1. Can you go through Phe314, Phe308, Phe320 and tell me which one is open to solvent by less than 70 Å² (accessible area, probe 1.4 Å), assigned to a loop (DSSP other than H, G, I, E, B) and of a type in the set (A, V, I, L, M, F, W, C)?
2. Which one of the conditions (1) over 15 Å from His139 (Cβ atoms); (2) open to solvent by 40 Å² or more (accessible area, probe 1.4 Å); (3) in contact with a Pro (Cβ under 9 Å, 6 or more places away or on another chain) does Arg415 fail to meet, given that it meets all the rest?
3. Residue check, Val399 against (1) within 23 Å of the chain's Cα centre (by Cα); (2) at pLDDT below 95; (3) within 12 Å of Leu431 (Cβ to Cβ); (4) among the hydrophobic types (A, V, I, L, M, F, W, C), all met but one. Which one?
4. Does Glu187 fit the bill of being of a type outside the set (A, V, I, L, M, F, W, C), open to solvent by 10 Å² or more (accessible area, probe 1.4 Å) and in contact (Cβ under 8 Å) with a residue 40 or more places away in the chain?
5. Of all residues in the range 361-390 being under 14 Å from Leu404 (Cβ atoms) and basic (Lys, Arg), which is least open to solvent (accessible area, probe 1.4 Å)?
6. Is it the case, given these coordinates, that Tyr387 is among the aromatic types (Phe, Trp, Tyr), in contact with a strand residue (DSSP E or B) (Cβ under 6 Å, 6 or more places away or on another chain) and under 30 Å from Glu417 (Cα atoms)?
7. Residues that are among the β-branched types (Val, Ile, Thr) and open to solvent by 60 Å² or more (accessible area, probe 1.4 Å), at least 3 per element: which helices (runs of 4 or more DSSP H) completely within the range 190-299 meet that?
8. Being part of a loop (DSSP other than H, G, I, E, B), touching a Gly at 6+ places or on another chain (Cβ under 8 Å) and among the hydrophobic types (A, V, I, L, M, F, W, C) is the filter here; which residues of the range 410-437 pass it?
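The values are calculated or read from the model by the stated rules, or taken from the named source; none is laboratory data. Remember, it's a predicted structure, so these values are computed and weren't measured experimentally. Backbone-built Cβ (ideal geometry, glycine too); neighbour counts: all protein chains shown. Calculation scope for accessible area: heavy atoms of the full protein, side chains included, ligands and nucleic acids excluded. Shrake-Rupley method; radii C 1.70, N 1.55, O 1.52, S 1.80 Å.
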Amino acid sequence: MRKNEINVITLGCSKNLVDSESLIRQFLANGYRVKHNPEQIRGEIVVLNTCGFIADAQQESIDMILNLVEAKKRGTIGSLYVMGCLSERFREDLKNEIPEVDAYYGKFDWKHLLELLGKSYYNDTRLIGAPEALTTPSHYAYLKISEGCDRHCSYCAIPIITGKHKSRPMDEIVAEAKRLSERGVKELLLIAQDLTYYGVDLGKQQLLPELVERLSDIRGLEWIRLHYAYPTHFPLDLLRVMRECDNVCKYLDIALQHISDHMLQKMCRNISKQETLDLLAQIRAEVPGIALRTTLMTGHPDETEQDFVELMEFVRTQHFERLGAFVYSHEQGTYCDRHYTDNVPAMLKQARLDELMALQEQIAGELNQAKVGQTFRVIIDRNEDGYDVGRTEFDSPEVDQEVLINPEGSTRLQRGEFYPIEITGCGSFDLLGKLKK
């Protein structure tokens, strides 16, 4: 193994990626060589940033810890440290069950790892946006605007892990966005557990519209994308900003989870079916052409067949451009854990999920077919397997579909650049295109 080499491995969501980038900046400032590669498990030090959201994610994290422990026993890595959401929730259990890990840290106390290694904690603003510190391609970056969540959805362990919502100061966010733009970032993805609550805890009203408007004035930011809005008390002035600011993507990730009033009440979502339908109609009316991404759940306690029929009809009529779904996971410490029985059989949960996603695949195929013959502005993310691979304004990296472009001869389109691409064909979850002359 190489001396002073650190491998940071990240599991889970983009918010974890941002945490890993903060750690990477500190290691770089302390003179380490750092990589972010789960495929090459070696190095003097390996740090695993875990996910603890639902059972499947927890198991993935545990499996990775066990794989790394075996690598440590073989001598391909030196020291092993675990941080993040899983160890925030279950640190003592992990210490007892997997003691071979050198130290466990939670989501917020990873700075103590630097102390353990005898290193200093630096003001990391000077490294923000540096290519070697980003876990993403250099042309896009995630920017976390707040941490934590004050919602109390029945099924969700996020408030247990992250604590109460805490907004970052707006000037600090804008300054970081400017530094990222100066480093060559063209697409900024705003993320939080709940974007739409931004600013409330600062003693003010919801400030997301003002923040996005200020960010849209930053030179060099060509796309600003919004991930994870909450439907209850949605800041409607945001729709004006999205409509008027050309570099704010006509794209919104808003998790709805369900649609029947019975389930929305059980889930403690504080919104009704009709209020949800009215909000979606208003969003589409005020921001024509917007792509909506949502997340839904099957198998929450007491979900009936009628609830699921309503959910299917909702998806069928709404024609969401992007949709993800997952089965309910009974999480320790949640409202569900205290008040409900996990009474929907696992096979039924999965069968409902499969039926839901089959419907969405059909809808996605129909929406894609309508794009054939149209031309879109596409950013190129990578050159792979004989294709130039990019995305439209209506697609977020990693979670949404891509545009596969056949290069003409040996000429490849440049990563991080925008091109007019004519859509020539499609599948359910990908588009085919060619450079528009």
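1. Details: Phe314 fails: assigned to a loop (DSSP other than H, G, I, E, B); Phe308 fails: assigned to a loop (DSSP other than H, G, I, E, B).
None of the other options fit; the residue is Phe320.
2. Exception for Arg415: condition (1).
3. Val399 satisfies all of (1) within 23 Å of the chain's Cα centre (by Cα); (2) at pLDDT below 95; (3) within 12 Å of Leu431 (Cβ to Cβ); (4) among the hydrophobic types (A, V, I, L, M, F, W, C) except (3).
4. Values: of a type outside the set (A, V, I, L, M, F, W, C): yes; open to solvent by 10 Å² or more (accessible area, probe 1.4 Å): no; in contact (Cβ under 8 Å) with a residue 40 or more places away in the chain: yes.
So Glu187 fails the test.
5. Selected residue: Lys371.
6. Working: among the aromatic types (Phe, Trp, Tyr): yes; in contact with a strand residue (DSSP E or B) (Cβ under 6 Å, 6 or more places away or on another chain): yes; under 30 Å from Glu417 (Cα atoms): yes.
Considered against the rule, which asks whether it is among the aromatic types (Phe, Trp, Tyr), in contact with a strand residue (DSSP E or B) (Cβ under 6 Å, 6 or more places away or on another chain) and under 30 Å from Glu417 (Cα atoms), Tyr387 comes out as yes.
7. Details: elements: 208-216, 237-244, 261-266, 273-286.
Qualifying helices (runs of 4 or more DSSP H): none found.
8. Here is the first cut: in the range 410-437, the residues part of a loop (DSSP other than H, G, I, E, B) are 410-417, 427-429, 436-437.
Applying the additional criterion that residues be touching a Gly at 6+ places or on another chain (Cβ under 8 Å) yields 413, 416, 427-428.
Once the filter is applied, which keeps residues that are part of a loop (DSSP other than H, G, I, E, B), touching a Gly at 6+ places or on another chain (Cβ under 8 Å) and among the hydrophobic types (A, V, I, L, M, F, W, C), the range 410-437 yields only Leu413.
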